[in-house]
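Peer 1: This is the structure I want to talk about, given as structure tokens.
The values are calculated or read from the model by the stated rules, or taken from the named source; none is laboratory data. It should be emphasised that the depicted structure is a prediction, and the values quoted were computed from it without experimental measurement. Methodologically, a virtual Cβ is constructed for each residue, glycine included, from the backbone with ideal geometry; neighbour enumeration extends over all protein chains shown.
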């Protein structure tokens, strides 16, 4: 109040002083001791360079013809009104002329300088760019206290959101040498250090312990080493989210009236703050009687069974909403029940009809509405992929009743194609017509790069190996001769073409080709695949054939696969049959059970699989299970060869064996985006005839990253076990090492892996992981013990880039020593490239 009186007094004094500034000959007409009423003859503005003079006269509220008492309060009002605009450093009201009872006035102003530019210092170049974007362009603005306060607030808020809670900003305007009416605003930013949370304490809680309440705060965590995924930095926006989550979690446990009464964030030291939250719990409530209204389709008893909430259960609006409207993990909520039967406009409104003591009665009012039939189904956004490729994966067909489950399943199938961004695939019901009971469905998709390139170099087998691989995952064979369809190859039909070459020069070469068509003929989901490969190794350029160091290997192979989707036991199953022919030529080559000769491997494979993963790159639910049986003809039963005296070349000319494999993965969301992957793998290679002995091919090699980067033995199956060197897991009692391991007849492996995403977008997916796994290999079932495993733990990261596929880096620590291989375990880094998706067995 005192400051206001002083300000008014100053304005009056300025007005009186201004009135004294009149031209000679006119001052005598004013009596300062006896104010007189005058008529305003005119008002002029002086000193205004950038502002509209007419607008300033309007602000002054001085108009020609107005009656004005001079001197008087109106003088002070004019100056005050103009000062309040924040545009001037000085304002004066002058009398330029007095003619009898008419007075002519001049408003003399001194404009405040304008901003020519901001000069921000004290932070990095990228941070300056981010801050500048938020400040927008303030060039030309009047430099006043409001501009300074606004700019300071924006900068502080920007860094507060990033955890720099104690950011300091200093402003210093300096004249612009190039423009006398403008200033440069020097902005010195000291963001300090990111503020972490020293402690989180609660007040007012009796039913909930502090420890339990802290668990509800996902992003407001104290700086403890075990808080791996929760943020330990204080961020205002995340704190607001956590307070809302805290209330919801308390209400979910029956405390319907729970609320946050107050919170404080106090500075603990230069780097940390203490957070204190005062809560009100209220009484704990329970469900009472539940009544249903408006349900004609289903009986009350049936709806109660689907709802699975009984009288006396802890009251939770969150759980009630989930059971009525979803989503639930198994899609067994009431809304799915109705929506799967065409009731698209179904709605349930739970009304609390009575609250007595700690009990709440409900009346669940159902609006069923009409049943809707699908009229049209269209797809939008598939600029590369042909309509037929998309439409054949969509399970909601015109003429069917609307079905929510089939809508979700169609979205999953589109993501499995690998051509669309699964985060942006959106099915949308439209043109809902209640009168006719029809609805259209539009599937909005966004194409993403699906072709991949593998370009790598590695060191293995004592030499440098280069690899170039190209995978075209949306290929179109029918347009192979259509030059206009090349982008750079014809695309759009959902076929896959893969070409891969690997070489170290004349010493080692490996070339492979694979083509697959998921809908052979285009009408039914008949899977077809054709593959071929050739690889060879030779030391002939270094040693003559007579040398003991000379060796040579050539392997050629071709295979064809046919498969079909099954509808039983459910429609996630797939049955594939494969026929493969492999030809081996060995000349003094020691990596098999024989060194010289030619061998033929003709094998038939049956694979039964079930894949219900919700996403191909980062699954959060579902399973991926595969059971494989592989057999060769039992040549020893009809070729009249005496295998007791047969040479290795005769014994292995036609390879015979039977091979059984089981691989399974399960994905389960733990909390938030944290996912647990559980995996079990088993393999057994058996023989028909004990005199023939074990097969030299199709054996299991365990240990390492699971890659075949420099692996001559195409006939061996490579199984990763992180924390150990490649192929280092050999049966107990054997004399083999990682370098000469021919593989084992039996193996099993178990894995637990926690995953958490860092980035999930169309351009890249990155997630971190921590794992514990164990596995072992055996030569026979007599020694097999599934619980005797080589154990390891570690952590790693996976990066999915559309052009390169899935890249991985792991560090594993093996706990168990491998006899004869002192360096096989302990700490090991593993790098992987182009791993398979769909869960990625490794």
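Peer 1: Of the numbered conditions (1) part of a strand (DSSP E or B); (2) surrounded by 18 or more Cβ atoms within 10 Å (Cβ to Cβ); (3) touching a helix residue (DSSP H, G or I) at 6+ places or on another chain (Cβ under 7 Å), residue 220 satisfies every one except a single condition; which is it?
Peer 2: Against the list (1) part of a strand (DSSP E or B); (2) surrounded by 18 or more Cβ atoms within 10 Å (Cβ to Cβ); (3) touching a helix residue (DSSP H, G or I) at 6+ places or on another chain (Cβ under 7 Å), residue 220 comes up short only on (1).
Peer 1: Additional query: What is the residue count in segment 249-280 for residues that are under 23 Å from residue 309 (Cα atoms) and surrounded by 15 or more Cβ atoms within 10 Å (Cβ to Cβ)?
Peer 2: Qualifying residue count for the region: 9.
Peer 1: For residue 585, state whether it is under 33 Å from the mean Cα position of the chain (by Cα), on the phi < 0 side of the Ramachandran plot and without any contact (Cβ under 8 Å) to a residue 40 or more places away in the chain.
Peer 2: For residue 585, the condition - under 33 Å from the mean Cα position of the chain (by Cα), on the phi < 0 side of the Ramachandran plot and without any contact (Cβ under 8 Å) to a residue 40 or more places away in the chain - is not met.
Peer 1: Write out, first by first residue and then by second, each pair whose Cβ atoms fall under 6 Å of each other, whose residues are 6+ apart or on separate chains, and whose first residue, in segment 686-699, is at positive phi while the second is assigned to a loop (DSSP other than H, G, I, E, B).
Peer 2: Correct list of pairs: 698/715.
Peer 1: Mind listing just one residue for me: the one in segment 105-124 that is in a loop (DSSP other than H, G, I, E, B) and modelled with pLDDT under 85 and, of those, nearest to residue 136 (Cα to Cα)?
Peer 2: 113
Peer 1: In segment 749-759, is there at least one residue being touching a residue at least 60 places away in the same chain (Cβ under 8 Å), part of a loop (DSSP other than H, G, I, E, B) and in contact with a strand residue (DSSP E or B) (Cβ under 6 Å, 6 or more places away or on another chain)?
Peer 2: Within segment 749-759, not a single residue is touching a residue at least 60 places away in the same chain (Cβ under 8 Å), part of a loop (DSSP other than H, G, I, E, B) and in contact with a strand residue (DSSP E or B) (Cβ under 6 Å, 6 or more places away or on another chain).
Peer 1: As an exercise: evaluate residue 636 against (1) buried (at least 17 other Cβ atoms within 10 Å of the Cβ); (2) touching a helix residue (DSSP H, G or I) at 6+ places or on another chain (Cβ under 7 Å); (3) over 27 Å from residue 786 (Cα atoms) and give the number of the one condition it does not meet.
Peer 2: (2)
Peer 1: Look through 131, 91 and report the one residue that is closer than 30 Å to residue 162 by Cα, touching a helix residue (DSSP H, G or I) at 6+ places or on another chain (Cβ under 6 Å) and buried (at least 17 other Cβ atoms within 10 Å of the Cβ).
Peer 2: 131
Peer 1: Scan segment 99-117 and give yes if some residue there is without any contact (Cβ under 8 Å) to a residue 24 or more places away in the chain, surrounded by 16 or more Cβ atoms within 10 Å (Cβ to Cβ) and not assigned by TED's automatic domain parsing to the domain that holds residue 152, otherwise no.
Peer 2: No: segment 99-117 contains no residue that is without any contact (Cβ under 8 Å) to a residue 24 or more places away in the chain, surrounded by 16 or more Cβ atoms within 10 Å (Cβ to Cβ) and not assigned by TED's automatic domain parsing to the domain that holds residue 152.
Peer 1: Among the numbered criteria (1) under 16 Å from residue 724 (Cβ atoms); (2) at pLDDT below 95, which one does residue 812 miss?
Peer 2: (2)
Peer 1: While we're looking at this one, here's another question. Mind checking which residues of segment 134-158 are part of a loop (DSSP other than H, G, I, E, B) and exposed (fewer than 14 other Cβ atoms within 10 Å of the Cβ)?
Peer 2: 136, 137, 139, 140, listed by residue number.
Peer 1: Kindly check whether there is at least one residue in segment 673-691 that is assigned to a loop (DSSP other than H, G, I, E, B) and under 20 Å from residue 606 (Cβ atoms).
Peer 2: The answer is yes; a qualifying residue exists.
Peer 1: Of all residues being in contact with a strand residue (DSSP E or B) (Cβ under 8 Å, 6 or more places away or on another chain) and crowded, with 17+ Cβ neighbours inside 10 Å in segment 287-306, which is nearest to residue 250 (Cα to Cα)? Just the residue, please.
Peer 2: The residue in question is 287.
Peer 1: For residues that are touching a strand residue (DSSP E or B) at 6+ places or on another chain (Cβ under 7 Å) and part of a strand (DSSP E or B), tally how many sit in segment 80-98.
Peer 2: 10
Peer 1: Inside segment 312-331, can you point out the residues that are in contact with a helix residue (DSSP H, G or I) (Cβ under 7 Å, 6 or more places away or on another chain) and part of a loop (DSSP other than H, G, I, E, B)?
Peer 2: Within segment 312-331, 316, 326, 328, 331 qualify.
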